[in-house]
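Data first, discussion second: the structure below is written as structure tokens.
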Amino acid sequence: MKPIDFRSDTITQPTPVMREAMAHAQVGDDVYMEDPTLTALEDLAAEMTGKEKALFVPSGTMGNQIAVNVFTDHGNEVILEENCHIFTYEAGGIGAISGVQSRLIPSNKGVLSVETIEKAVRGVDIHYPETALICLENTHNKAGGTVTDVPTMKAIYEFAQHKNIPVHLDGARIFNAATALGVPVSELTQYTDSVMFCLSKGLCAPVGSMLAGTEDFIDRARKVRKMLGGGIRQGGILAAAGIIALQEMTGRLEEDHRHAKVLAQGLNAMDGLSVDVDFVQTNILMCDVTDEEVDLEDLMKQAREEGVLVNAMGARRLRFVTHYYITEEDIHKTLEVFAKIMKKS
Ligand SMILES: *Cc1c(COP(=O)(O)O)cnc(C)c1O
């Protein structure tokens, strides 16, 4: 039987509609900018984010790395939330590729404030690096899919503009944030200079992310993408799936969020497990194993034997991510499995 796979929304497979579109996609050499399907995807992404232009990139990591590179010079400093993806999960890329130093600042469960950012902005002093960029992450992955709301985005952007510092949004799951807030994505992205979002996670495309910003930003980003080896040829095959991701998959994320909430409530009600249910705002939930007697590896192994796959986040925490291939029935089955395991232990 097919496992119920909560390890990540990155495991989602392209839908049958996507595969069909991929098979029939019109393609060309995109390094010559002759791929009509890729161009159509880029136009659609620019329109949805309210930006002048957009660029297809092979991964979210590359999109973030390009944005940092375009906005900074070697020796600059970038303000980042301390547990953000760019700092934690991109293999030290911004230091290696762009020669910048990271200024890490704390947040309230992934949500930054103007006050903490303001404290980290460098003044004019011969000893200091120049603060060249502020990066936000919405939803915040490591904090458990938490959402930064529109007024907060606006306040941070207005402050940054006042200081003449660009804002890049790591919006890998920005459609989840917009869904949770009940606003179009452009409501959030209007308060950023650039945004990266993933087509390959909850939106089910097999490969790719989008980077969006001004025309000048994207022209420069295209060159950096080439430098990093991300100039792709007949990418329309991938873009065909991306277009469906944007047109058909962005409207259904509410279902994933509802599933996460039901799962959170159910797990939290079990002895030995604890979930901060109020902070399950989107499709990610963090479940602490509070029963000291329970070995996390063993718990994961028992769940796997019952057909439920989850990832560990640290020594006492499990992370569940809901997505298109997790049904309501799967949620109930999972709760039964965990009830059985926790009762035994
Ligand atoms: C997944 C993710 C990325 C990177 O995407 P990849 O396509 O895996 O490189 C960047 N930021 C956040 C917040 C993510 O969750």
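The values are calculated or read from the model by the stated rules, or taken from the named source; none is laboratory data. Keep in mind that this is a model prediction, so the values were computed, not measured. Methodologically, a virtual Cβ is constructed for each residue, glycine included, from the backbone with ideal geometry; neighbour enumeration extends over all protein chains shown.
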Sort through THR116, THR179 and tell me the only one that's outside any strand (DSSP E or B) and within 16 Å of the ligand (Cβ to nearest atom).
THR179
Of all residues in region 314-337 being part of a strand (DSSP E or B) and within 15 Å of GLY202 (Cα to Cα), which is farthest from the chain's Cα centre (by Cα)?
PHE320
Would you point out which residue out of THR250, THR282 is among the polar types (S, T, N, Q), buried (at least 24 other Cβ atoms within 10 Å of the Cβ) and outside any strand (DSSP E or B)?
THR282
Can you confirm whether region 49-56 contains a residue that is within 12 Å of GLY236 (Cα to Cα) and touching a helix residue (DSSP H, G or I) at 6+ places or on another chain (Cβ under 8 Å)?
yes
Given the conditions (1) more than 20 Å from THR15 (Cβ to Cβ); (2) modelled with pLDDT of 95 or more; (3) out of contact with any His (no Cβ under 9 Å at 6 or more places or on another chain), report the number of the one that VAL262 does not fulfil.
(3)
I'm checking my understanding of the structure. Among residues of region 58-98 that are within 12 Å of the ligand (Cβ to nearest atom) and assigned to a loop (DSSP other than H, G, I, E, B), which one is nearest to ILE156 (Cα to Cα)?
CYS84
Within region 9-57, of all residues that are part of a loop (DSSP other than H, G, I, E, B) and acidic (Asp, Glu), the one nearest to ARG173 (Cα to Cα) is GLU52
If the Cβ limit is 6 Å and pairs must be 6+ apart or interchain, which residue in region 19-33 that is at pLDDT 95 or above pairs with which residue that is polar (S, T, N, Q)?
ALA25/THR37; GLN26/THR37; VAL27/GLN234
From the options ASN108, ASN83, residue that is among the polar types (S, T, N, Q), outside the structural domain of ILE284 (by TED's automatic domain parsing) and surrounded by 18 or more Cβ atoms within 10 Å (Cβ to Cβ)
ASN83
Within region 92-101, track down each residue that is surrounded by 18 or more Cβ atoms within 10 Å (Cβ to Cβ) and either closer than 25 Å to THR282 by Cβ or not hydrophobic (A, V, I, L, M, F, W, C) (or both).
GLY93, SER98
I'm told LYS109 meets every condition in (1) farther than 20 Å from VAL195 by Cα; (2) more than 16 Å from the ligand (Cβ to nearest atom) except one. Can you identify the failing condition by its number?
(2)
